Amino acid sequence: MEFTKTPGWLDWYASPSKPRFQVPAGSVDAHCHVFGPGAEFPFAPERKYTPCDASKAQLYALRDHLGFARNVIVQATCHGADNRAMVDALVNSGGKARGVATVKRSVTDEELQAMHAAGVRGVRFNFVKRLVDFTPKEELIEIANRIKPLGWHVVIYFEAVDLPELWDFFTILPTDVVVDHMGRPDVSQPVDGPEFALFVKFMREHPNVWSKVSCPERLSLTGPKALSGEQNAYTDVIPFARRIVEEFPDRVLWGTDWPHPNLKDHMPDDGLLVDFIPHIATTPELQQKLLVANPMRLYWPEEF
């Protein structure tokens, strides 16, 4: 099937630089995606955007180029609840990838078991209104209760302004909960301001809550951008990510977010994104936890 990309769509950066920062041995890119290819794995009819193709082979070539050992592949919203592309990437990874699926209430126990065998270890609930249609919370709780016996967790994607209204729902989830991209804080506000303080409180009061300190290219307002060899990219995001890494060192993850869906302003050089890591995890101990120990404990506990 042929698909026409959303007008203005930015394709991923084709020739990323080699990172100057050498990630620790066994590091995990704990947030990335595959798109199609559409001819093999069609995009969902209800999608809000049509991306470029971004195949498993291209993802794994990037993994090797950047120095990572493993990936966690998160189901992309353009595929809806059709997890075939993501599962195909897992089963062809040689055990080097785990996955996070999107499922509906109608998913069968057999389908969940098959996804578990392929390497899926979580489900994603998306609350970003411009990306997905609303799913009733009672349906999401039902799904969370069904995946709990498998040892899976729930990944939640939301924007900071929506945390107050979602707080009560998030805090009754019966599994570990992983927040995408620090809940998308407004980095024009002070790191000590009330909005981000609420997110810190959320993590502090709920030890089952983890956070990805990823996607500075999505959050940054003043840059500079991770392009043209820039070694101090996205300086306005650093205080927020560093705060979470230092206060919750055992509950943080990092990922490239390749192939960076729906970016409007620029497409970052993934090598320079890796060079962002030592700005937010400033010691070898913190880097080891962020990139190796934490993702291994969550996604490969049998090896940890």
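The values are calculated or read from the model by the stated rules, or taken from the named source; none is laboratory data. A quick note: this is a predicted structure, and the numbers were derived from the prediction, not measured. Cβ atoms come from the backbone with ideal geometry, glycine included; neighbour counts cover every protein chain shown. When the accessible area is computed, the model is the full protein with side chains, heavy atoms only, and any ligands, DNA or RNA have been set aside. Shrake-Rupley method; radii C 1.70, N 1.55, O 1.52, S 1.80 Å.
Among residues of the range 90-110 being more than 24 Å from Val128 (Cβ to Cβ) and in a loop (DSSP other than H, G, I, E, B), the one that is least open to solvent (accessible area, probe 1.4 Å) is Ser93. Checking each residue in the range 249-268 for being open to solvent by 10 Å² or more (accessible area, probe 1.4 Å) and more than 25 Å from Lys48 (Cβ to Cβ) picks out Pro249, Asp250, Arg251.
Would you mind stating whether Gly223 is buried (at least 21 other Cβ atoms within 10 Å of the Cβ), at positive phi and small (Gly, Ala, Ser)? Outline the logic, then answer.
Numbers: buried (at least 21 other Cβ atoms within 10 Å of the Cβ): no; at positive phi: yes; small (Gly, Ala, Ser): yes.
Spelling it out, it is not the case that Gly223 is buried (at least 21 other Cβ atoms within 10 Å of the Cβ), at positive phi and small (Gly, Ala, Ser).
Cβ separations smaller than 7 Å between residues 6+ apart or across chains give the following pairs from the range 237-262 residues that are at pLDDT 95 or above and part of a strand (DSSP E or B) to residues that are of a type in the set (S, T, N, Q) and crowded, with 22+ Cβ neighbours inside 10 Å: Val252/Ser211; Val252/Asn294; Leu253/Asn294. Every condition in (1) in contact with a helix residue (DSSP H, G or I) (Cβ under 8 Å, 6 or more places away or on another chain); (2) open to solvent by less than 10 Å² (accessible area, probe 1.4 Å) is met by Glu246 except one, and the failing one is (2).
Of the residues making up the range 17-42, those that are open to solvent by 10 Å² or more (accessible area, probe 1.4 Å) and either in contact with a strand residue (DSSP E or B) (Cβ under 6 Å, 6 or more places away or on another chain) or under 23 Å from Asp82 (Cβ atoms) (or both) number 5.
Restricting to the range 62-77, count the residues that are assigned to a loop (DSSP other than H, G, I, E, B), closer than 16 Å to Asp270 by Cβ and either open to solvent by less than 10 Å² (accessible area, probe 1.4 Å) or in contact with a strand residue (DSSP E or B) (Cβ under 6 Å, 6 or more places away or on another chain) (or both). Of the residues in that region, 1 qualify.
Could you tell me whether Asp265 is part of a loop (DSSP other than H, G, I, E, B) and under 17 Å from the mean Cα position of the chain (by Cα)? No. The residues in the range 269-290 that are open to solvent by 10 Å² or more (accessible area, probe 1.4 Å) and farther than 17 Å from Gly67 by Cβ can be counted, and the count is 6.
Report yes if Val87 is in a loop (DSSP other than H, G, I, E, B) and either of a type in the set (A, V, I, L, M) or touching a strand residue (DSSP E or B) at 6+ places or on another chain (Cβ under 6 Å) (or both), otherwise no. Before you say what the answer is, go through the steps one by one.
On the way: in a loop (DSSP other than H, G, I, E, B): no; either of a type in the set (A, V, I, L, M) or touching a strand residue (DSSP E or B) at 6+ places or on another chain (Cβ under 6 Å) (or both): yes.
No: the conditions fail for Val87.
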